[in-house]
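All remarks here apply to the structure that follows.
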Amino acid sequence: MDADNILFKLGDAAGIEPFYWDMHGTRHETTPETMRGLLKAFGIAAEDDGQVWSSLARLGEEVWRSPLPPVVVACGGETASIPVRLPTHGSDRAVRWSLKLEQGGERAGEFRLSELAVEETGHIGEMQIALRHLKLDALPLGYHDFVLENEAGTGTRLIVAPPRAYLPPALENRRAWGIMLQLYSLKSRGDWGVGDFGDLKILIDAIAGTGADAIGLNPMHTLFLDQPEDASPYSPCSRLFRNPLYLDITAIPDFAECDAVRALLHDGQFAHAVEQVRDAELVQYRAVARFKLPALERLHESFVANHLAHDDDRARAFRRYVSEGGRDLEGLATFQALAEHCETHDWSRWPARHRDPDSKATAQFRKRFADRIGFHQYLQWQCEEQFRSASELAKSRGMAVGLYNDLAVSVDSSSADHWAHQKLFAGGARVGAPPDPFNEKGQDWGVVPLNPLRLRGTAYAHFRSLLRANMRHAGALRIDHVMGWQRLFLIPPGGTPAAGAYVRYPVGDMVAVACLESTRHRCLVVGEDLGTVPAGFRERMTGAGVLSSRVLYFERRNEAFKPPREYPSLAAVSVSTHDLATLHGFWEGRDIAAKAHLGLFQSAAEEEQIRAGRVTDKRQLLAALAEQGLLPDGLSPQDADHLAFTPQLAAAVHAYLARSSSMLFMVQMDDLTGQAQQANLPGSVTEYPNWRRRLVRPLEEAMADPAMRDAMGAIAADRAK
């Protein structure tokens, strides 16, 4: 076997696919350079032929070295099958086992190796190892610990999961709808320049009587407090915790006890500065941080003096939160304090002694700066309390789903999560997308991927934590780029998207863990399955009870828009997304104009082709409305190229999707308010005001507008038919 074949065999063992097919049906081969780069990112030596042979031999033997795998996943209600690998000599001996159940209780038993059929054999040196399977009776759902007692206590985590994710009983016989929005975009008369959890409660109160069942949010993930202008919620500092800039300062209990912060509201100069930022078209993140963070520091000082020092009920509640947050919370708080101390959150530029979260120097730093670490833990405690309060309000007002959270595909390479869990990530590699008609150069999302080998090797502990953190207090969770559970397009260190390759992930296990956490949190799961979807993937997700994402712009039969009856029932449908044109912007070609302005088209001919295609799209949309009897009077599909966008046209499009049989219809707040510019323009970074646009009117005014309430009422009526 030649050297390249051995290299690709090693890559296959690590999950790296040797080729992929693009949207045009063209096959792209993974180059040896890409293979070596990704293997290095996974911690597998492959720089020369000798290392390749050695690594392949090590991986081949590794599976046989331990009597049990690191994790076994079983389906609830069915027999659990435990793979056991033990030497073939002494096959008549007895092996004792025990099982500690998550919810308490133990089971134990014994078997003779000769009683179990040999299914496969392997070798460790001269020793022959046999694979057998031990069958256990059906077990309760949960995370259990299985141990072979007389094999040096070798154990495995046994995950027993339901076959399907949670679906709210209230949605079994009716079609729900909700509003999706970017939290920062909300504006109220009392905000400090950015939408916050208090504004979220105002919105809940305003729409609760309209029949809406869900409020979809952008990821709430923690961003970088030292660089607040880095505002993408999809390139976070941590996916385990929330962004403190969303805190409603006046709703924090310590506000009532802190004269210094209350006085700010009566300081004319401060009030004027906040008012200017509040009235701006775009979020001024640096100014918001300048207002909020010092106020939060004063509130924390008040909490320490008035509560923590006296060990009262609030102090004990905080300590419980810190204890439950464990190493993850300690890691984030330490990271934030170190970023301040080192004057950068890019931990690759920190002194070497602090790049290791478990170093002696980092432990000493925690002791020295315990107060500052406590401040950052306090911020997360308040985020937890305010998000929980908003969730409880939504449920108390009768929303069947309530808050609909969003989990980003990964984190920034300079993130707290990466720093605290370095061995879990494929450092140096980035997640992206291959070149396609929407982006001829491909996409580099700038986030670092989890290492699929380490993910399984740690029994999915971090993945479980991610789901728990984002399902807590949420009625639904959107999984950004859910195809990443099966495969991710990874770019090797120093490479471009054109040099990327697809890497397999343990999809069956990840879906099972998601189903278990979904059931425990009573949280609906929605998979964002747009773009290049592997064959059979959507069917697999449907079988697991995971809702598909269906966007009007993409749902076509040839060129024609699919009629509402053809939308799948297990889906969340919408007109658009944060990465696409709003309905108003789509109609006027604002997205095309923005891309042209930024030079994102390859040529003038390509731009002209896209513009011509948009006219055809508009005609097809009007034709689809006409077929459903929804086209406003006096309009014709042939008028599309010169027809102005109107609220009546928006209402007709919403009525069209409201007729779908899909379980959930999500309406963009931007489309309800007629916003022309989209939240994010893929392919741009600072050239376009991504993740910054605010609503034109305060919530109190917008939600009191009869036209807005009529629009929501019409959607509710259409969904109820």
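The values are calculated or read from the model by the stated rules, or taken from the named source; none is laboratory data. Quick caveat, the model's predicted, so the values are computed rather than measured. FYI the Cβ positions are ideal-geometry reconstructions off the backbone, even for glycines, and counts take in every protein chain you see. Surface areas here come from the heavy atoms of the whole protein model, side chains and all, with no ligands, DNA or RNA. Shrake-Rupley method; radii C 1.70, N 1.55, O 1.52, S 1.80 Å.
In this simple spin-label model, placing a label point 7 Å from the Cα along the Cα-to-Cβ direction at both SER603 and CYS75 gives a separation of 5.2 nm.
The modelled label-to-label distance for the pair GLU275/ALA117, using points 7 Å beyond Cα in the direction of Cβ, is 8.1 nm.
Counting only protein heavy atoms and a 1.4 Å probe, tell me what percentage of the chain's accessible area is made up of carbon and sulfur. Let's see the in-between values first.
Numbers: 14840 of 29970 Å².
Here carbon and sulfur together make up 50 percent of the probe-accessible area.
Computed about the Cα centre, the dipole magnitude for the chain is approximately 1200 debye when only Lys and Arg (+1) and Asp and Glu (-1) carry charge, each at its Cβ.
Could you work out [θ]222 nm for the chain from helices alone, using -39500 (n - 2.57) per DSSP H run of at least four and dividing by all its residues? Round to the nearest 500 deg cm²/dmol. Each step should come with its number before you reach the end.
Details: 23 runs with 277 residues, N = 721.
About -12000 deg cm²/dmol.
Label-to-label distance, ASP436 versus ASP205, with points set 7 angstrom from Cα along the beta-carbon direction: 4.2 nm. The residues of the chain have, on average, 42 Å² of accessible surface per residue, using a 1.4 Å probe with all protein chains present.
Rounded to the nearest 0.05, what FRET efficiency do ASP313 and VAL63 have when you use their Cβ-Cβ distance and R0 = 60 Å?
Details: r = 52 Å, r/R0 = 0.87.
Efficiency at R0 = 60 Å is approximately 0.70.
The listed residues TRP192, TRP97, once ranked by accessible area (1.4 Å probe) with the largest placed first, stand as TRP97, TRP192. A dipole drawn for the stretch 299-343 from +1 and -1 charges on Cβ atoms has a positive end, and of LEU299, LEU332, TYR321 the residue lying farthest that way is TYR321.
Placing unit charges on C-beta atoms (Lys and Arg positive, Asp and Glu negative, everything else neutral), compute the dipole magnitude of the stretch 485-535 about its Cα centre in debye, rounded to 20.
Values: 4 positive and 4 negative charges, 16 e Å.
Using only the charged Cβ atoms, the result is roughly 80 debye.
Net charge in the neighbourhood of HIS597 (other residues with Cβ under 15 Å of its Cβ; Lys, Arg +1, Asp, Glu -1) is -2. Measuring with a 1.4 angstrom probe and ignoring ligands and nucleic acids, LYS395 comes out at about 100 Å² accessible.
Under a 5 Å amide H cut-off, with hydrogens placed 1.01 Å from N, VAL447 pairs with VAL431 among residues at least 5 apart or on other chains. Here the dipole of the stretch 264-309 is about 120 debye; that uses its Cα centre as origin and unit charges on the Cβ of Lys and Arg (positive) and Asp and Glu (negative). Does anything in the stretch 532-546 have its amide N under 19 Å from the 7 Å Cα→Cβ label point of ARG164, and if so which residues? Residues 537-546 fall inside that zone.
When the stretch 404-443 is described by a simple charge dipole with +1 on each Lys and Arg Cβ and -1 on each Asp and Glu Cβ, the residue from GLY427, SER414, TYR404 located farthest towards its positive end is GLY427.
Of GLU106, GLU528, the order by accessible heavy-atom surface (1.4 Å probe, DNA, RNA and ligands excluded), from most exposed downward, is GLU106, GLU528. Among the listed options (1) 43.5; (2) 34.7; (3) 55.4, the one matching mean projected area of the Cα convex hull in nm² as calculated from these coordinates is (2). Taking 13 Å as the cut-off, the amide N atoms of the stretch 117-158 that come nearer than this to a point 7 Å along the Cα-to-beta-carbon line of ALA108 belong to 147-150. Between the beta carbons of ALA263 and ASP633, assuming R0 = 60 Å, the FRET efficiency works out to 0.55 to the nearest 0.05.
Between HIS642 and ASP4, what length in nm is gained on full extension when 0.36 nm per residue of separation is reduced by their alpha carbon distance?
Values: separation 638, 0.36 × 638 = 229.68 nm, distance 5.80 nm.
Working it through step by step, the gained length comes to 223.9 nm.
With a Förster radius of 25 Å, plug the Cβ-Cβ distance of GLU29 and LYS423 into 1/(1 + (r/R0)^6) and report the FRET value to the nearest 0.05. Intermediate values should be presented prior to the final figure.
On the way: r = 30 Å, r/R0 = 1.22.
Result of the calculation: an efficiency of 0.25.
Of the residues LEU672, LEU635, the one with the largest accessible area comes first in the ranking LEU635, LEU672, computed with a 1.4 Å probe on protein heavy atoms. Binning the C-alpha pair distances of the stretch 167-251 at 10 Å intervals from 0 yields a P(r) profile of 16, 41, 30, 12, 1 %, listed from the shortest bin outward. For the stretch 602-615, backbone phi angles converted through the Karplus equation (6.51, -1.76, 1.60; θ = phi - 60°) give residue-by-residue couplings of 6, 7, 5, 5, 5, 4, 5, 5, 5, 5, 5, x, 5, 4 Hz, Gly and Pro being listed as x. Note on the stretch 637-721: Cα-only Rg and Dmax are 15.2, 45 Å.
SER548 contributes about 10 Å² of solvent-accessible surface, heavy atoms of the protein only, 1.4 Å probe. Note on ARG556: accessible area is roughly 60 Å² with a 1.4 Å probe, heavy atoms of protein only.
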